[in-house]
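A quick write-up on the structure given underneath.
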Amino acid sequence: MASGNRSQKTQGLGLIAPPLGYAVLVMAAPLLTILAYSFLKDGYLTVIREFTFDNYRTVWGDPIFHKIMLRSLGVAALVTLVTVVLAFPVAYFLSFVVDPRKKSMWLFLITIPFWTSYLIRVFLWKVILGYNGVINSGLKSLGIIEQPLTFILYNVNSMVITLAHAYAPFAILPIFIALEKIDRSLLEAGRDLGESRIMTFWRVTLPLAMPGVVAAALIVFIPTIGDYVTPALIGGGKIPMIANMIQAQMLDLDNRPMGSALAVTAMLIVAIMSLIFVALNRRFLRVKQ
Amino acid sequence: MKGGGLRIYAILYLLFLYAPIILLPIFAFNSGTIIAFPLKGFTTDWFGQMFENASLRRALTNSLIIAVSSSVFATCLGVFAARASTRFEFPGKGPIMGLIMLPLVLPEIIVSISLLVVLLSIGVQLNILTVILGHTLICMPYATVILSTAFNSLDRSLEEAAYDLGETKWSAFRLVILPLVMPGIISSLLMSFTISLDEFIIAFFLAGNEPTLPTYIFSQLRFPKQIPMIMALGTVLVVMSIILLTIAEYFRRRGIAKTGAKDTGGFL
Amino acid sequence: MTTTSTAEHRARTATAKPMIECRNVQKYYGDYHALRGIDLTIRESEFFSLLGPSGCGKTTLLRTIAGFEDISSGVVLIDGQDMQDVPANRRPTNMVFQSYAIFPHLTVAENVGFGLRRDPRSKAEKAAAVEEALAMVGLKGYGARASHALSGGQRQRVALARALILKPKVLLLDEPLSALDRKMREQMQVELIKLQRQVGITFVLVTHDQEEALVMSDRIAVMFDGQIAQLDGPEALYARPTSRRVANFIGVMNFLPAHVLGETASGVEVDVPGLGRVEIPMSNVSKSDPGDEGPTVGFRPEAVSLVAPGQPQQSRATAGVIDEVVYYGDMTYYDVRLDGSASADGRARPVRIAMRNVFGREVQDVGTRTNVSWSPGSLVLFR
């Protein structure tokens, strides 16, 4: 415990070495391999060690890639919007209305569905929304509708509902934490200075909650765009997203350089979108509480 | 009652969250083979079918092996990372911790595909070991976060006090730190276990021919005949998850009570 | 236990053997120079305090004595033994931490007996030792209690018992009273003195509270910026600070500019606007801090008094006008403009005078002309 600066450093580095080494070996090294592959040539079932930009040229010029990438971005953006907008009032309710002693019970209730089988949850939405699904069969047996509703079926809408459900706790928790951090006297000050309840919310609460909202948006957006299961199950394989395309290139077609270029491009686009989003919200993120 | 409108909205939202889970047992005990209303009658056949299914048993065994190993490995790595980040200053700390937490935001498809490509090109046989490799990676950030909270709530002078009273560094860790972070270690184990048990994409790509519970379920969802049995399986899984989570929550709260800290609530 | 007076105790410890010796101790944190050459001798069974503002290095010094921090250079001896290669767990010191560091997962008795794990004595003997240590700090019968349910004062006592049960040669206390409320703090100050006399070992206390240091210590080292500014007994430190900085840190002191007229055999003769010509005894003269604006005399607010006609006076008197009155209940503070003390801008800098509100003494009003009485012996000179 005699902790000079040097022993602080060496002990710290010694401790961090195992997890760091693991992350480097199992994650960073494979990611770099993918990056390297994306600049190599594909020979059928092998990879030719020759530097080229061809893969990127092909990917970026491919209309199917454009379509799928745009759809992925669109679905992810829509899911993010829906999830965050639906989640905000719940987080607000949790933070401002719920009795402090019951807060952890509410949080517990919200997180439970998240920890139950993702696959089965996704599939159940298919069961709920399907042609002969719970909603349609239920409404039909009640005599409300004659023909099954089709607008909720096998399309982007059903994917959005499913994903919004899957990522709900991811959106609620960061917003809740940001709201919890707000000093309650600030709101009283807002009211004291003559603002109405709604204007106080608009001018004080919302700006202070923005870091949480931004975090929530990113936490929902990034995994959604890479989601594989929902398009495969809900979309019935007919509306693939970028993850399905990468999988097809890599494994079904066994074109690793092309698949790698696809993966790298997708990661780049996600990273750029996220950075733009963060930059747009810089004004709010500078708030230190 | 305060916030009437908000409360109604929150309850509706909870209903939306629980809708699929509520349906699970309904159809698991429904004697009809088609998942639709109206219900036919009560049966426990699907559960019987489930227990007799050999490939399901194999998938379950695989999943349990994977989940137990991954949660132990991830928690061990998490202990190192959490202790290093809460107790020591060292060069490059920010980027290093960032790299360790990266799997949280990296799409799993990217993690699994890149790992798959490397494993295939160096000629590693795909089996449950390769899945453990991937699951340990994605569980590590969760373990690190949970354990960092546990380590952080410890007063640093507790360790110094033990040292001052004649213990060695290691016995101070064993006698004071370890018992106090034990609740955190248990909830990290449980959480990693739950994540691994439920993880699909990495298992799908890295398991080779070995089934795990999620990949087995995925493969059966194509056959309408199998769906009622999957509903029964899902019901069992949900009940198990809730039990595990309740235990995890219990230990988390006990940990907080032990160190006398304030309950800030919630996972993550 | 025999009660000894504070004076007896101090006379005895003044000649006792050295227990802790620091010789030119330096400590760097990267570029930051935390300890700049500490030379210090603390004697056996002395109650010693390290006093200073936060960041002055007092806690760092305590932690180097405990062995929690390496020193960059210099020597630390405890009971004559070089501590260079002795880790904290093998030093004859034990510590009471600022947060008390009571192990929350153990009972009171398990906390107190924590350090006895390697003790070869039997279980029953150890239990008896724990019970004895608890009795010593007034917690008899608390052994089975859960430690996280204790009050602040009780935690402090457990921390003391836990450290003292190991019979260290030195007990180190890191701001042990700062977490307690005022009443509790004053009570614990008295108890700590009693305890120290009872166990008879060296106590080293770190504090930023000057009153606490004055009440408890045999000697006090005042620290600023990693250096010891003054090392003295409480009375000397308060009455004869050797720098304006120490004077300001400990209590309130009035400063007036002075012109040095010359030195005599017994003191320094100065002319002070407002007080007149005065000879200050050599014992009260010290070198001024560099950067200060020339020679200055200083005096404490209670070393001078307002005198109404007919009241006993000190040897000298000056007149002035009351500028401000602040009533504190037991005391009244007057700011008085002394005649003839006007500076270049024509306004006199008022001096603060403290008067106890004893029976029959009326509180004076602003604007009243008054006499101020003082003695040359209560002035100090920084030159």
Return only the number of the condition from (1) over 25 Å from B:LEU197 (Cα atoms); (2) surrounded by fewer than 17 Cβ atoms within 10 Å (Cβ to Cβ); (3) at the interface with another protein chain (Cβ under 10 Å from one of its Cβ atoms) that B:ALA36 does not satisfy. (2)
Out of the range C:37-60, which residues are touching a Ser or Thr at 6+ places or on another chain (Cβ under 9 Å) and of a type in the set (Asp, Glu)? C:GLU44, C:GLU46
Which members of the range C:324-383 meet the condition of being surrounded by fewer than 17 Cβ atoms within 10 Å (Cβ to Cβ), among the small types (Gly, Ala, Ser) and part of a loop (DSSP other than H, G, I, E, B)? C:GLY329, C:GLY340, C:SER343, C:ALA344, C:GLY346, C:GLY360, C:GLY367, C:SER375
Members of the range B:174-188 that are surrounded by fewer than 24 Cβ atoms within 10 Å (Cβ to Cβ) and more than 13 Å from chain C (Cβ to nearest Cβ): B:ILE185, B:ILE186
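With the requirement that a residue be at the interface with chain A (Cβ under 8 Å from one of its Cβ atoms) and among the small types (Gly, Ala, Ser), what does the range B:118-130 give you?
Taking the range B:118-130 first, the residues at the interface with chain A (Cβ under 8 Å from one of its Cβ atoms) are B:118, B:121.
Answer for the range B:118-130, where residues must be at the interface with chain A (Cβ under 8 Å from one of its Cβ atoms) and among the small types (Gly, Ala, Ser): just B:SER121.
Looking at A:LEU124, A:LEU139, can you tell me which residue is part of a helix (DSSP H, G or I) and at the interface with another protein chain (Cβ under 8 Å from one of its Cβ atoms)? Explain how you work it out, then say what you get.
Working: A:LEU139 fails: at the interface with another protein chain (Cβ under 8 Å from one of its Cβ atoms).
Checking each option against the conditions leaves just A:LEU124.
If a residue counts only when it is out of contact with any Cys (no Cβ under 7 Å at 6 or more places or on another chain) and surrounded by fewer than 19 Cβ atoms within 10 Å (Cβ to Cβ), which strands (runs of 3 or more DSSP E) contained entirely in the range C:209-282 have at least 1 such residues?
Details: elements: C:219-224, C:227-232, C:254-257, C:259-263, C:267-272, C:276-281.
Of the strands (runs of 3 or more DSSP E) lying wholly inside the range C:209-282, those with at least 1 residues that are out of contact with any Cys (no Cβ under 7 Å at 6 or more places or on another chain) and surrounded by fewer than 19 Cβ atoms within 10 Å (Cβ to Cβ) span C:227-232, C:254-257, C:259-263, C:267-272, C:276-281.
Test of understanding: among B:LEU133, B:LEU115, B:LEU104, which residue is touching a residue at least 24 places away in the same chain (Cβ under 8 Å), closer than 28 Å to B:ALA59 by Cβ, open to solvent by 10 Å² or more (accessible area, probe 1.4 Å) and within 7 Å of chain A (Cβ to nearest Cβ)? Step through it out loud before you land on a result.
Working: B:LEU115 fails: open to solvent by 10 Å² or more (accessible area, probe 1.4 Å); B:LEU104 fails: within 7 Å of chain A (Cβ to nearest Cβ).
One residue alone meets the criteria, B:LEU133.
Within the range B:13-33, which residues are facing chain A (nearest Cβ under 10 Å) and closer than 30 Å to A:PHE93 by Cα?
B:TYR13, B:LEU14, B:PHE16, B:LEU17, B:TYR18, B:ALA19, B:PRO20, B:ILE21, B:ILE22, B:LEU23, B:LEU24
Of the residues C:LEU77, C:LEU62, only one is touching a residue at least 60 places away in the same chain (Cβ under 8 Å) and surrounded by 15 or more Cβ atoms within 10 Å (Cβ to Cβ); which? Show your work before the answer.
Numbers: C:LEU77 fails: touching a residue at least 60 places away in the same chain (Cβ under 8 Å).
On inspection, the qualifying residue turns out to be C:LEU62.
Table: residues versus (1) in contact with a helix residue (DSSP H, G or I) (Cβ under 9 Å, 6 or more places away or on another chain); (2) more than 29 Å from A:LEU107 (Cβ to Cβ); (3) open to solvent by 30 Å² or more (accessible area, probe 1.4 Å).
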residue	(1), (2), (3)
B:ARG7	yes, no, yes
B:PHE29	yes, yes, yes
B:PHE51	yes, yes, yes
B:SER55	yes, yes, yes
B:SER71	yes, no, no
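Starting from residues that are among the hydroxyl-bearing types (Ser, Thr, Tyr) and open to solvent by 60 Å² or more (accessible area, probe 1.4 Å), keep the ones in the range A:28-69 and report whichever is farthest from B:VAL105 (Cα to Cα).
To start, the set of residues in the range A:28-69 that are among the hydroxyl-bearing types (Ser, Thr, Tyr) comprises A:33, A:37-38, A:44, A:46, A:52, A:56, A:58.
Pick out the ones that are also open to solvent by 60 Å² or more (accessible area, probe 1.4 Å) and you get A:44, A:46, A:58.
On the way: A:TYR44: 33, A:THR46: 31, A:THR58: 28 Å.
Ranking the candidates gives A:TYR44 first.
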Pairs, please: C-beta under 8 Å, at least 6 apart or cross-chain, first residue more than 7 Å from chain B (Cβ to nearest Cβ) and in the range A:14-25, second open to solvent by 40 Å² or more (accessible area, probe 1.4 Å)? A:ALA17/B:PHE80; A:VAL24/B:LEU99
Can you find a residue that is open to solvent by less than 10 Å² (accessible area, probe 1.4 Å) and hydroxyl-bearing (Ser, Thr, Tyr) anywhere in the range B:144-156? yes
Within the range A:232-251, considering residues that are of a type in the set (A, V, I, L, M, F, W, C) and more than 22 Å from B:LEU102 (Cβ to Cβ), the one most open to solvent (accessible area, probe 1.4 Å): A:LEU251
Go through (1) open to solvent by 30 Å² or more (accessible area, probe 1.4 Å); (2) touching a residue at least 60 places away in the same chain (Cβ under 8 Å); (3) within 14 Å of chain A (Cβ to nearest Cβ) and name the single condition C:ILE71 misses. (2)
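Give me the helices (runs of 4 or more DSSP H) completely within the range C:86-201, filtered to those with at least 1 residues that are within 11 Å of another protein chain (Cβ to nearest Cβ), in contact with a helix residue (DSSP H, G or I) (Cβ under 9 Å, 6 or more places away or on another chain) and surrounded by 15 or more Cβ atoms within 10 Å (Cβ to Cβ), ordered by residue number.
Details: elements: C:108-112, C:123-136, C:152-164, C:182-199.
In the range C:86-201, C:108-112, C:152-164 are the helices (runs of 4 or more DSSP H) which contain 1 or more residues that are within 11 Å of another protein chain (Cβ to nearest Cβ), in contact with a helix residue (DSSP H, G or I) (Cβ under 9 Å, 6 or more places away or on another chain) and surrounded by 15 or more Cβ atoms within 10 Å (Cβ to Cβ).
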Matching residues, the range A:174-231, being surrounded by fewer than 22 Cβ atoms within 10 Å (Cβ to Cβ), assigned to a helix (DSSP H, G or I) and polar (S, T, N, Q): A:SER185, A:THR200, A:THR205
Given (1) of a type in the set (Val, Ile, Thr); (2) more than 30 Å from C:SER72 (Cβ to Cβ); (3) over 22 Å from the mean Cα position of the chain (by Cα), index of the condition A:THR83 fails: (3)
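Among the residues of the range A:94-110, is there at least one that is open to solvent by 50 Å² or more (accessible area, probe 1.4 Å), charged (D, E, K, R) and touching a strand residue (DSSP E or B) at 6+ places or on another chain (Cβ under 6 Å)? Explain how you work it out, then say what you get.
We begin by selecting, within the range A:94-110, every residue open to solvent by 50 Å² or more (accessible area, probe 1.4 Å); these are A:99-102, A:105, A:109.
This time we only want the ones that are charged (D, E, K, R), so: A:99, A:101-102.
If we keep only those that are touching a strand residue (DSSP E or B) at 6+ places or on another chain (Cβ under 6 Å) as well, we get none.
Within the range A:94-110, not a single residue is open to solvent by 50 Å² or more (accessible area, probe 1.4 Å), charged (D, E, K, R) and touching a strand residue (DSSP E or B) at 6+ places or on another chain (Cβ under 6 Å).
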Filter the range A:83-99 down to residues that are without any contact (Cβ under 8 Å) to a residue 12 or more places away in the chain and among the β-branched types (Val, Ile, Thr) and give me whichever is nearest to the other protein chains (Cβ to nearest Cβ). A:VAL97
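Hey, any hits in the range B:51-73 for a residue that's facing another protein chain (nearest Cβ under 9 Å), part of a helix (DSSP H, G or I), out of contact with any strand residue (DSSP E or B) (no Cβ under 8 Å at 6 or more places or on another chain) and modelled with pLDDT of 90 or more?
Initial filter on the range B:51-73 (facing another protein chain (nearest Cβ under 9 Å)): B:73.
Cutting the leftovers down to part of a helix (DSSP H, G or I) gives us B:73.
Adding the requirement that they be out of contact with any strand residue (DSSP E or B) (no Cβ under 8 Å at 6 or more places or on another chain) leaves B:73.
Adding the requirement that they be modelled with pLDDT of 90 or more leaves B:73.
For the range B:51-73, residues facing another protein chain (nearest Cβ under 9 Å), part of a helix (DSSP H, G or I), out of contact with any strand residue (DSSP E or B) (no Cβ under 8 Å at 6 or more places or on another chain) and modelled with pLDDT of 90 or more: present.
Could you run through the range C:32-44 and say how many residues are open to solvent by 20 Å² or more (accessible area, probe 1.4 Å) and not acidic (Asp, Glu)? Explain how you work it out, then say what you get.
Just the residues of the range C:32-44 that are open to solvent by 20 Å² or more (accessible area, probe 1.4 Å), to begin with: C:32-33, C:36-37, C:39, C:41, C:43-44.
Still in the running and not acidic (Asp, Glu): C:32-33, C:36-37, C:41, C:43.
Qualifying residue count for the region: 6.
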Looking at the range B:119-128, can you tell me whether even one residue there is crowded, with 18+ Cβ neighbours inside 10 Å, more than 27 Å from C:ARG90 (Cβ to Cβ) and out of contact with any Pro (no Cβ under 9 Å at 6 or more places or on another chain)? yes
Of everything in the range A:252-274 that's more than 18 Å from A:THR58 (Cα to Cα) and within 11 Å of chain B (Cβ to nearest Cβ), which residue is most open to solvent (accessible area, probe 1.4 Å)? A:ALA271
Pair list, Cβ under 6 Å, 6 or more apart: the range A:192-208 residue under 16 Å from A:ASN281 (Cα atoms), other residue hydroxyl-bearing (Ser, Thr, Tyr): none
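The values are calculated or read from the model by the stated rules, or taken from the named source; none is laboratory data. These numbers come from a predicted model, not from an experiment. Note that each Cβ is placed from the backbone with ideal geometry, even for glycine, and that neighbours are counted across all protein chains shown. Protein only, heavy atoms only, side chains kept; ligands, DNA and RNA dropped before computing areas. Shrake-Rupley method; radii C 1.70, N 1.55, O 1.52, S 1.80 Å.
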